[in-house]
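Just below is one structure, and these are the notes that go with it.
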Amino acid sequence: MIITRINLYAYNIPLKAPIAISLGTIDSARNILVEIQTSDGLTGWGEGSPFWMIVGETQASGMAAAQDMARLLLNRNPLDIEGCVTTLTRYLPGHVTTRSAFDMALYDLAAKAANMPLYQFLGGSQRSLVTDETIYINTPERMVDDALRIQANGGEAIKVKLGTNRIDDIRRVEAIRTAIGDTTPIRTDANQGWDVVTAQAVLRAIGNWNVQYCEQPIRRHDIAGLRQIRRSSPVPLMADESLFDATDAIRLVRDEAVDYFNIKLAKSGGIFDALAINAIAEASGIACMIGCMSESRLALTANAHFAAARQNIRFCDLDACFEHAIDPVQGGIVYKGYQIELSDEPGIGADVDPAFLNRLETISISGSTAL
């Protein structure tokens, strides 16, 4: 089997409303979709969500990089996942989100060739997965309304975006906790929005309000600051933007900087590198969460397969598609409330409606254009 053609799509999905975090606001999901075709007639699908404020990529830069990546993979054996991913990484060490889309498509192909669902191909089994739902930065009143809606819909955990300032962020959490009562866990995420002193003050203030953890309270490179916050915080810390690859994971473990890891395929470069991050975490006694950017159900399905395949993935934050105004994905995960169900179809088990694909900007790379 060899790769004969790769189609690249500017995969744009409108949002129901703009979403705001401490780093900025987005009004649509501008993703990248990769379709890898092979000489055996198999097709693999992958999706990357270049959340520019976190990964430093845009859809435009990703589409440009993807053309070179596609040419590097033409005429190669797609089952040589390590060789293919290593080639892409050496050529463009950056563009992790774009690389993750190719990685995902390669794993989709390999699992299809083995006639296994991806979770089984990765050595796992079906298990119960439950996602939280995220509340984005707004007034306390609007955020309370969202929290009450999530709780009424059966949400088992509510993720709250913070990272503005000490007074307003404490008010947000206090208002939500007062409105929903004491039982439903709150998960907070500052997206690097605080400094060390502010983080310490906020976490001390909300420490008795059943806050399960706080993601990325300060700037991603300040590992010493994370360690300092962790030593005094009543709320466990989770690394997100500080954790891109296995090297980051080793440093976070060595410096005893956090309690949990947030693994995102779009941030780690895909499944191949995410497996290494999780292995380091598991060996170090650090549980992980599987997170997301602004992916459709296609990539969210791949993320769910990864979570099902690794028992060390304790938390799921796979709610990105809740914000999408349309759903062009065929197959894939099914949400029963906040429970996630995976099918036993080979591979990822999801693709995109051809009628939707026909409306997208498309670039095709075939064998005659290989580098």
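The values are calculated or read from the model by the stated rules, or taken from the named source; none is laboratory data. Predicted model only: the values in this text are computed from it and were never measured. Surface accessibility is based on the protein's heavy atoms, side chains included, excluding ligands, DNA and RNA. Shrake-Rupley method; radii C 1.70, N 1.55, O 1.52, S 1.80 Å.
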The whole-number value in µm²/s of the Stokes-Einstein translational diffusion coefficient for the range 17-100, with Rh from the Kirkwood sum over alpha carbon pairs at 25 °C and 0.890 mPa s, is 175
The value for the range 167-234 (convex hull of the alpha-carbon atoms, volume per residue, Å³) is 71
Amide H contacts under 5 Å for Arg187, restricted to residues at least 5 apart in sequence or on another chain and with H modeled in the peptide plane, are Ile158, Lys159, Val160, Gln212
Amide H neighbours of Val352 at under 5 Å, excluding residues fewer than 5 places away on the same chain, with H built from the backbone geometry, are Gln330
Measuring from the longest principal axis of the C-alpha atoms of the chain, the long axis of helix 196-206 (C-alpha) lies at a number of degrees, nearest 10, equal to 70
Shape call for the range 57-141, from the Cα gyration tensor axes a ≥ b ≥ c (a/c under 1.5 means rounded, otherwise prolate when a/b beats b/c, else oblate), comes out oblate
Taking the convex hull of the alpha-carbon atoms of the chain and averaging its shadow over every direction gives an area in square nanometres of 16.5
Listed by chain and number, the residues whose amide H is under 5 Å from that of Ala20, excluding neighbours fewer than 5 places away on the same chain and using placed H, are Ile137
Cα-based Debye curve of the range 88-201 sampled at q = 0.16 Å⁻¹ gives log₁₀ I(q)/I(0) of -0.85
The range 296-340 -> Rg/Rh from Cα coords, Kirkwood Rh, value 0.96
Once phi for every residue in the range 93-101 is put through the Karplus expression 6.51 cos²θ - 1.76 cosθ + 1.60 (θ = phi - 60°), the whole-Hz ³J(HN,Hα) values, with Gly and Pro written as x, are x, x, 6, 5, 5, 4, 4, 5, 5
Share of accessible surface on carbon and sulfur in the chain, whole %, 1.4 Å probe and ligands ignored, is 47
Computed over all unlike Cα pairs, the Kirkwood hydrodynamic radius of the range 230-371 in Å stands at 16.8
In units of 2.2 N^0.38 Å, the Cα radius of gyration of the range 288-366 is 1.18
